[in-house]
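A short write-up of the structure that comes next.
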Amino acid sequence: MRRELWQRLGFGALCGTAGMAPLAILFPYKADSSLTALCGGSLQLAEFVRLGAGALWGAAVCAGALLWRRERGNFFTHSLWNYLLDCAAFVLWGWCCMGFSLYGPTVLFLWGVFTVLYAIGWVVRWLTCRDDVNAIRKKLGLGSPAPSPLKWRESLPYLVLTAALFLCLRPLTAPVAAAPDVPLFQALILPFLAWPFIAAVSGFGAGLRYGFCPLLPLTAGLAFLPNLLWETASYSWVQALLYAAAALLGELAGILRREWKRKGDMS
């Protein structure tokens, strides 16, 4: 395992450095860039930092896959450590590529991009593992597993994607929402169109497939609350209740659709 780890680190660092080299040639840093200023005005040091960030990102991606093969821990702890490692490396890599300041909307934007993409990949991995387990149970002649408490296992993909979109949609749109000529984006489009749509669609999908999933409305409401920390938008905690209600209505619509389809198949 240790030998494979060093091999993965070396190969990933080599690939990351090779991927950053064309950027250094085609888009060299300027003397007035933020990263150059942080490096004391040295363009050579700024380029070296960018190459190092690429090497770190490549090494994190290649070595992070080994976390899933650890005997200690479980699927969720492996996911957490893999997410933290890859996210930190990605944010540093993206920040060095853009040459922006370490603080501000840029870091939040990079975090939002990575978190949404990671959530999608995590859901695909979860569904693949669940299908493999079900196939093994079928070959062994075992029946379907009993529903989990509150249907948390069945609704987990919907919970993860809903939470990721509620948490990351505002950071993803931070460059647009911060512009002075688009105040309606953060005041109308996000709170009255985007978030209710996400909650309702997630609820409809979960209700259509699994019936009533009580954790989904709770997740939609709780995942909205961190958006109250944004100073540029006047959101209210009451909106969390509205998004939870939207998810609940979506679930009820999905359940009704499911029952209507079942009756149609029986007739």
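Sort out which residues of the range 139-176 are farther than 18 Å from GLY205 by Cβ, touching a residue at least 60 places away in the same chain (Cβ under 8 Å) and open to solvent by 70 Å² or more (accessible area, probe 1.4 Å), and write them in order of number.
PRO175
Let's see how each residue does on (1) modelled with pLDDT of 85 or more; (2) part of a helix (DSSP H, G or I); (3) among the β-branched types (Val, Ile, Thr); (4) under 29 Å from GLY12 (Cβ atoms):
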site	(1), (2), (3), (4)
SER101	no, no, no, yes
TRP111	no, yes, no, yes
THR115	yes, yes, yes, yes
VAL123	yes, yes, yes, yes
CYS129	no, yes, no, yes
SER144	no, no, no, no
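Mind telling me which of the residues ALA119, ALA135 ends up being touching a helix residue (DSSP H, G or I) at 6+ places or on another chain (Cβ under 6 Å) and small (Gly, Ala, Ser)? Working first, answer last.
Values: ALA135 fails: touching a helix residue (DSSP H, G or I) at 6+ places or on another chain (Cβ under 6 Å).
Being touching a helix residue (DSSP H, G or I) at 6+ places or on another chain (Cβ under 6 Å) and small (Gly, Ala, Ser) holds for just one of ALA119, ALA135, which is ALA119.
Between residues in the range 127-138 that are touching a residue at least 40 places away in the same chain (Cβ under 8 Å) and residues that are part of a helix (DSSP H, G or I) and open to solvent by less than 80 Å² (accessible area, probe 1.4 Å), which pairs lie under 9 Å by C-beta distance while being six or more apart or on different chains?
CYS129/PHE75
Does ALA135 fit the bill of being more than 22 Å from PRO226 (Cβ to Cβ) and open to solvent by less than 70 Å² (accessible area, probe 1.4 Å)?
On the way: more than 22 Å from PRO226 (Cβ to Cβ): yes; open to solvent by less than 70 Å² (accessible area, probe 1.4 Å): yes.
Judged against the criteria, ALA135 is a match.
Condition first: more than 17 Å from the chain's Cα centre (by Cα) and either surrounded by fewer than 17 Cβ atoms within 10 Å (Cβ to Cβ) or on the phi < 0 side of the Ramachandran plot (or both). Can you find one or more residues in the range 108-122 that meet it?
No.
Would you mind finding the one in GLY19, GLY52, GLY10, GLY64 that is within 17 Å of VAL91 (Cα to Cα), in a helix (DSSP H, G or I) and modelled with pLDDT of 80 or more?
Going through GLY19, GLY52, GLY10, GLY64 in turn, just one is within 17 Å of VAL91 (Cα to Cα), in a helix (DSSP H, G or I) and modelled with pLDDT of 80 or more: GLY52.
Filtering the range 202-234 down to residues that are surrounded by fewer than 20 Cβ atoms within 10 Å (Cβ to Cβ) and under 10 Å from ALA244 (Cβ atoms), which residue is farthest from the chain's Cα centre (by Cα)?
Here the residue is LEU218.
Give PHE166, PHE197, PHE185 a once-over and let me know the one that is touching a helix residue (DSSP H, G or I) at 6+ places or on another chain (Cβ under 9 Å), closer than 23 Å to VAL107 by Cβ and modelled with pLDDT of 90 or more. Show your work before the answer.
On the way: PHE197 fails: closer than 23 Å to VAL107 by Cβ; PHE185 fails: modelled with pLDDT of 90 or more.
One residue alone meets the criteria, PHE166.
Being assigned to a loop (DSSP other than H, G, I, E, B) and in contact (Cβ under 8 Å) with a residue 24 or more places away in the chain is true for just one of PHE212, PHE204, PHE224. Which residue is that? Step through it out loud before you land on a result.
Working: PHE204 fails: assigned to a loop (DSSP other than H, G, I, E, B); PHE224 fails: assigned to a loop (DSSP other than H, G, I, E, B).
The conditions single out PHE212.
The values are calculated or read from the model by the stated rules, or taken from the named source; none is laboratory data. None of these values were measured; they are calculated from a predicted model. Note that we place each Cβ from the backbone using ideal geometry, even for glycine, and neighbour counts take in every protein chain shown. Keep in mind that these areas ignore ligands, DNA and RNA; they rest on the heavy atoms of the full protein, side chains included. Shrake-Rupley method; radii C 1.70, N 1.55, O 1.52, S 1.80 Å.
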